[in-house]
Structures are given as C-alpha cells and as structure tokens.
Amino acid sequence: RVTRSGLLYFKVGGLSARALERLLERYKSLGVTTILLGVPISSPSRAEYVPEIHAEFLAYMQKLKERYGVYFVDYRDRVPDELFRSAYYTTPQGALYVSRLITQEVLALLW
C-alpha cells in the first residue's frame, strides 16, 4: 500500500520521543496522573497509516503505559469526517464534539 512520503519511513523515536519520555518520567516522580490522547484524524488521513505504522504506534503507547503508568485514550477514529476542516483540524462543532467526548469518557471517570 502506498502512503505519503513523510510516512514511508515512519519510526517511533528521535528527539520528540526522548523529550516525551523525560517529561513522563518527571510527572511519574511527582505522582501526576498523565493521560495521552490519540488525537482525532479524518478517515482519508488515517488510511495513509499502514498497519505497520498503526501497530508501532500502539506498541509505543503500551510501552509508555507500562514504563510510566500513563493512560492512553485513542480518539483517532472517533470523530465523523464531516466535523473536520482538514486532515487534523476540526470545525468548531468538531472541537465541541471532541471536548464532550473527553469530558464524558475521561475526565468524569477521574473525578
């Protein structure tokens, strides 16, 4: 399957991953509950993420959960396409939709 050139050589790691892990280590040492959110993505953009990319991403989230005790909430496929302005940016109605999901499914459970 063909994907965008930016995703051809996708690998989890690098400076961003190291910075995230340093931050998560700090939060863990302070006793902070950390929730990572798989942000909503339109279905045409999600289709570019071949199964290998999807599997590597989820494996990394599992690693972070085990190592740092974080929670991962996957909303990548939870927003209807009509609520997107572009691949990753929702309309104002889409933002409200996502906010309600997070409030009802994540924040309400923590309080």
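The values are calculated or read from the model by the stated rules, or taken from the named source; none is laboratory data. As the structure is a prediction and not an experimental result, all values here were calculated from the model. Note that we place each Cβ from the backbone using ideal geometry, even for glycine, and neighbour counts take in every protein chain shown. SASA here: full protein model, heavy atoms, side chains in, ligands and nucleic acids out. Shrake-Rupley method; radii C 1.70, N 1.55, O 1.52, S 1.80 Å.
Worth pointing out:
- Contact map, segment 21-33: first residue closer than 18 Å to GLN62 by Cα, second residue of a type in the set (Val, Ile, Thr) and open to solvent by 80 Å² or more (accessible area, probe 1.4 Å), Cβ cut-off under 9 Å, separation 6 or more or different chains; pairs are TYR27/THR33.
- Test: residue in segment 49-57 that is modelled with pLDDT of 95 or more, open to solvent by less than 30 Å² (accessible area, probe 1.4 Å) and not charged (D, E, K, R): no
- Selection count where residues are touching a residue at least 60 places away in the same chain (Cβ under 8 Å) and of a type outside the set (A, V, I, L, M, F, W, C), scope segment 34-80: 0
- Of all residues making up segment 84-105, the number that are touching a residue at least 40 places away in the same chain (Cβ under 8 Å) and hydrophobic (A, V, I, L, M, F, W, C): 4
- When we screen ARG46, ARG67 for residues that are within 13 Å of the chain's Cα centre (by Cα) and either surrounded by fewer than 13 Cβ atoms within 10 Å (Cβ to Cβ) or among the basic types (Lys, Arg) (or both), the only hit is ARG46.
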